[in-house]
Every structure is written in structure tokens, then in C-alpha cells.
Amino acid sequence: MAKYFWNVPSLPHFFLIVLPVSSSTQLSESAGVVPNENTLENNMYCRSQKRSGGRSGESGFSITELFVTLSVLAIVCAISIPYIVSYRKVYRSDDQALRIIDVIRETSQLAMTRRRTMRVEIDLTDNAILQIDENNTDPDTLIKRIPLDNVSDIRVDARPAGVNPPNPPNYADAAFSTAILSHEEGGSTVSGHQVWVARFESTGNVVDSVDNPISSTIYIWPPSAPASSVARSKGEIRAITLFGGSGALRLWKYDGSTFVASTQ
């Protein structure tokens, strides 16, 4: 890159202006040609255009780029959403079964650590599973409420038609009846709901509302239609067995003909 020096008439002779000139505008000193103002401005503009990739100082996406991006996103969503909905439906029984197991196990642990009786209720009236502290004296207090799936999607109140219980252990089906025990919730007494009850003692034993030892099987399955006694798919039927002597639990999966113990 050449540099040109020349005197500015209106300034003292010792002031010099130093201007860079690109190779495309280099002038011959011997010819005595001096770059004019327009040439210098054009030169600077060309350099600016090269640095900015040809844009006029603005950055962003064009309308075409945005439309292409949105179109690809719409196609991906259209393909994936049905799979997500189907996946959620197939595994809804597993999700509800694990939810119930978590509450039962936690309640059993609380009974032993707090050295007092704790209670689990599957409440059909409120469609929820409840964890209740019996406090050794009245009133019993609600600790936790976990909502269950809508009964039109997942049932827990009965064994589906045409399905035999896990055998062994061949425990009785969980029996739902009007609650004879009440509890406090938000300053109000709750009673008279349709519930299945399991009371965990500090010794590890599990008893019912009147202190009889219980061992039960809870069934979790999707009905083929609301209130139907037939499962939508036998492969989605799950069962939980509770052994009253120790509070031990086991999850079962139905393979279409019999229950198989799950490793979960």
C-alpha cells in the first residue's frame, strides 16, 4: 500500500496529510496525479462492504430464512407430537403404579422413624392418594395429597375383567369402602369418602381401619371406555401387592395371560 504526501495550501507548510490508497487507486508520483475526494470515499466504502459481507451495516435474517426455519420446525413438531402422546398413554399405568408405590414406601419409613402409626388412603371420592399422620391421638392430620389420573383414563378401584390375580401370593383385591377414620385438612374434618386404607405401624406391620392385618393387591389399568370393566390393552395392566406382615411391596406387569414380577 502506497502513501502520498502533499501540502494543504490553507495550512502552514509543515502540516502534512497522510492518506492510505488501495492498490486499485495507486497513482504514479511521477505523473503528479493526486487522489480526489470522491475516489477516497469510494475506496473506503468498498473496504466497508468487504468487511460487512456486502450488507449495508445491518445484521439479521432475511424473510426467506425465517420462513424456511419455521417450516422445518412445524414439520418436526407435526411428526413428534403424535409419538409423544402415544408414549404418554402407553406408560400411564406404570406412572400411576410407581406414584402409589412411592407414597406407600415413604409412609412405611415415616412410621418407623417417627415411632407412630401413619396411614395411606387411596381416595376414590377425591381421586387422590393421601398420606396421613395419626399423631397417636386425634385429630389425624393430612401430610400429603398426590392426585391420580382421571378414572376414565386409569382405574385403581377393581381388578379388570378376565384377569386373575398374581399367584403366588394370590392376595385379596384391595377393598374400597366408606371411611370410618377421619382426618384434618385445612382446618376441616374429612370423612365418609370411598377409600382403601393401609395403616403402617412403627413395628413394620400393616393393618386396616380396625387393626386387622392386611395383605392386598391393587390393580392399575386403562379401561377400554369410561367405567368399563374391560382393559383397553392387557399389556398395560399393572398390579401392586402389599404384604401386611412387613409392608413389603412388589410391582407386577401383565403379559397378556399372567402377571410377571417387575424389576422396577
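Values as computed for the structure displayed
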item	result
Residue within the stretch 177-197 that is within 22 Å of S93 (Cα to Cα), surrounded by 15 or more Cβ atoms within 10 Å (Cβ to Cβ), in contact with a strand residue (DSSP E or B) (Cβ under 7 Å, 6 or more places away or on another chain) and of a type in the set (V, I, T) present	yes
Residue match in the stretch 183-193 (condition: within 24 Å of S108 (Cα to Cα), assigned by TED's automatic domain parsing to the domain that holds E106, within 31 Å of the chain's Cα centre (by Cα) and among the hydrophobic types (A, V, I, L, M, F, W, C))	no
Candidate set: the stretch 194-218, residues that are of a type in the set (G, A, S) and free of Cβ contacts under 8 Å to residues at least 60 places away in the same chain; chosen: the one nearest to S177 (Cα to Cα)	S209
Selection within the stretch 97-128 - part of a loop (DSSP other than H, G, I, E, B) and hydrophobic (A, V, I, L, M, F, W, C)	L124
Positions within the stretch 214-242 being outside any loop (DSSP other than H, G, I, E, B), at pLDDT below 95 and out of contact with any helix residue (DSSP H, G or I) (no Cβ under 9 Å at 6 or more places or on another chain), in sequence order	K234
Top-ranked residue in the stretch 198-223 [being surrounded by fewer than 18 Cβ atoms within 10 Å (Cβ to Cβ) and of a type in the set (A, V, I, L, M); ranked as nearest to G245 (Cα to Cα)]	V207
Exclusive hit being part of a loop (DSSP other than H, G, I, E, B), within 20 Å of I220 (Cα to Cα), assigned by TED's automatic domain parsing to the domain that holds K234 and at pLDDT below 95, set D94, D153	D153
Any chance T189 is hydroxyl-bearing (S, T, Y) and in a strand (DSSP E or B)	yes
Residue within the stretch 255-263 that is assigned by TED's automatic domain parsing to the domain that holds D94, charged (D, E, K, R) and closer than 30 Å to L181 by Cα present	no
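The values are calculated or read from the model by the stated rules, or taken from the named source; none is laboratory data. Remember, it's a predicted structure, so these values are computed and weren't measured experimentally. Glycine also receives a Cβ, built like all others from the backbone with ideal geometry; neighbour counts cover every protein chain displayed.
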